[in-house]
Amino acid sequence: MEHDRAALLAALALQLDWGAEEALEDAPPDRSPAHAAAPVPASAPAAAPPPRGSAAPRLVAATPAAPASPAATRAAEAAATATSLDALRAAIAAFDGSALRETATNLVFADGAPESRLMFIGEAPGAEEDRLGRPFVGQSGQLLDRMLGSIGLKRDEGGFYITNILPWRPPGNRTPTDAEVNLFLPFVLRHIALARPRHVVMLGGVSAKTLLRAKDGITRLRGKWHRIAVDGLGEVPALATLHPAYLLRTPAAKRDAWADLLMLRRTLDAASQES
């Protein structure tokens, strides 16, 4: 009992540290004008309205643009032949079209529970992820786990599934180049198709701009539900939010991250009630 009380106090302290001012309720208050649109449902039909406060859905192509190099062609072919998550992992491990695999220690494929139908997609592995071969296990990953735990999503209890745009760590944790992102995009899209998430959360600017084919930065893209189109899956609701590594560098942005978490929690709750 004392342990549970201590855990609850720690969670409340974390939320206060983010600048949280709003509690989650069974029926969240409606502060929008009357008859505002409801959150995107789990099934995400084409005619469904976007969630309250969002912009018009952003639709992107189900497959990347025509490959510009032999390596990109091979990546697209390898991704298309994968019929399971295990097969996709093997295809990425065998793909030799990127120099990143030569400087990285381990392939970082994914972690968590694909059956949760909630998929987070970040940027690229860092040093700790490269060492252990798992995404989001370093300092930023620990922050992300605490953030999601505060809204009832726990990785070790099957609460979500998580991966990155790049499966290999860029040297020195540098930002991925456009060429690297485009090279691995077929694998990412196939990963989404095989995991079959009902909702996707894009962590950071690289992930959001890649999947939405957007030129806007993450501060303009965050806090809205978009839609991405995936071959074999249809349109998937996708929320852009700040990367936890950015929150570590910019603590004042935690307030925005908390608002995004509230939006995610409410959409998930609404979807569970409709299913």
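Quick note: the coordinates plus some simple rules give every number you see, no bench work behind them. This one's a predicted model, so the numbers in the text were calculated from it and none came from an experiment. When we count neighbours, we look across all protein chains shown, and the Cβ atoms used for this are built from the backbone with ideal geometry, even at glycine.
Numbers below:
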item: Identity of the residue in the range 99-121, small (Gly, Ala, Ser) and touching a helix residue (DSSP H, G or I) at 6+ places or on another chain (Cβ under 6 Å), that ends up nearest to Ala240 (Cα to Cα); result: Gly112
item: So Thr241, is it under 12 Å from the mean Cα position of the chain (by Cα), on the phi < 0 side of the Ramachandran plot and among the β-branched types (Val, Ile, Thr); result: yes
item: When residues of the range 146-197 are limited to those that are touching a residue at least 12 places away in the same chain (Cβ under 8 Å) and at positive phi, the one surrounded by the fewest Cβ atoms within 10 Å (Cβ to Cβ); result: Gly152
item: Boolean, Pro186 is assigned to a loop (DSSP other than H, G, I, E, B), closer than 18 Å to Ile92 by Cα and of a type outside the set (A, V, I, L, M, F, W, C); result: no
item: Filter result for Ala104 (surrounded by 23 or more Cβ atoms within 10 Å (Cβ to Cβ), in contact with an Asp or Glu (Cβ under 9 Å, 6 or more places away or on another chain), over 23 Å from Leu262 (Cα atoms) and small (Gly, Ala, Ser)); result: no
item: Criterion violated by Glu128 - all others in (1) assigned to a helix (DSSP H, G or I); (2) closer than 21 Å to Arg265 by Cβ satisfied; result: (2)
item: Unique residue being part of a helix (DSSP H, G or I), more than 22 Å from Arg89 (Cα to Cα) and polar (S, T, N, Q) when the list is Thr210, Thr219; result: Thr219
item: Residues that are touching a helix residue (DSSP H, G or I) at 6+ places or on another chain (Cβ under 9 Å) and not in a helix (DSSP H, G or I), drawn from the range 243-275; result: His243
item: The range 96-115: number of residues that are in a loop (DSSP other than H, G, I, E, B) and touching a residue at least 60 places away in the same chain (Cβ under 8 Å); result: 7
item: Some residue of the range 229-236 being out of contact with any Phe, Trp or Tyr (no Cβ under 6 Å at 6 or more places or on another chain), closer than 19 Å to Thr163 by Cα, without any contact (Cβ under 8 Å) to a residue 60 or more places away in the chain and part of a loop (DSSP other than H, G, I, E, B); result: yes
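Condition check ((1) in contact with a strand residue (DSSP E or B) (Cβ under 8 Å, 6 or more places away or on another chain); (2) over 20 Å from Phe109 (Cα atoms)) across all residues:
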site: Ala179; (1), (2): no, no
site: Phe187; (1), (2): no, no
site: Gly204; (1), (2): yes, no
site: Asp231; (1), (2): no, yes
site: Leu239; (1), (2): yes, yes
site: Leu247; (1), (2): no, yes
site: Trp258; (1), (2): no, yes
